[in-house]
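Trainee: Just passing along the structure, written as structure tokens.
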Amino acid sequence: DHLKFDFEVVPPGSKFEMKIIAENTDDAELGLLFMALRQLEKDEMTIGGMASRGLGGVKLTNVSIQHVNGRNSDALLDYLAYQHKSGKEGVPPGQVADPAAFMQQKIDVLVKQLKRRGDDDAQVSGE
């Protein structure tokens, strides 16, 4: 009866909202972030300790992406104006229509860059 537990668990089926803000990222950096998120979508990653005991399983669902290119001044102004608008109605500026395709596009950019670096390294070491 007097067992000591030094950890807390969240009941199975609990839901949380997660918001990630990535600023000043290039496509490859977004690709790396999206690779990690894909692992959460596939329920292939655990969070927290005691994963070997079956704890920490999470599954990411209902992914929504809002992407604003800060280098595009019109897009940035639209986004900032929307953020300060009361009663925000309509589709937010930068809302991605197909998050899965957008994520895959950025992952593909990352993979392409890594392959190119690998080819460059092989050429340098082969000389």
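Please treat every number below as a calculation from the coordinates, not as lab data. Predicted model, so just to flag it, every value in this text is computed and none were measured. Positions of Cβ are generated from backbone atoms using ideal geometry, with glycine treated the same way; all protein chains shown enter the neighbour counts.
Trainee: Long-range amide H contacts for residue 57: which residues qualify at under 5 Å (H placed 1.01 Å from N, peptide plane, sequence gap of 5 or more or a different chain)?
Mentor: The answer is 47.
Trainee: A further question follows. So how long is each side of the range 57-110 along the principal axes, counting just the alpha-carbon atoms, biggest first, in Å?
Mentor: Taking the Cα atoms of the range 57-110, the three principal extents are 37, 26, 18 Å.
Trainee: Hey, another quick one. Give me the mean projected area, in nm² to one decimal, of the convex hull enclosing the Cα positions of the chain. It would help to have the intermediate numbers written out before the result.
Mentor: On the way: hull surface 55.1 nm².
One quarter of the hull surface, i.e. the mean projection, equals 13.8 nm².
Trainee: What FRET efficiency would be calculated for the residue pair residue 69, residue 8, taking the C-beta separation as r and a Förster radius of 41 Å, to the nearest 0.05?
Mentor: Values: r = 41 Å, r/R0 = 1.00.
Between residue 69 and residue 8 the formula returns 0.50.
Trainee: For the chain, with the dipole built from +1 on Lys and Arg beta-carbon atoms and -1 on Asp and Glu ones, taken about the Cα centre, which of 7, 80, 114 lies farthest toward the positive end?
Mentor: 7
Trainee: Next up: Given a Förster distance of 35 angstrom, what is the FRET efficiency for residue 83 paired with residue 121, based on the Cβ-Cβ distance and rounded to 0.05?
Mentor: 0.25
Trainee: DSSP loop (so not H, G, I, E, B), at most 16 other Cβ within 10 Å: list which trypsin sites (Lys or Arg not before Pro) in the range 68-127 pass both filters.
Mentor: 71, 85, 88
Trainee: Sticking with this one: All other residues with a Cβ under 15 Å from the Cβ of residue 80 taken together, and with Lys, Arg as +1 and Asp, Glu as -1, what is their net charge?
Mentor: With Lys, Arg at +1 and Asp, Glu at -1, the net is 0.
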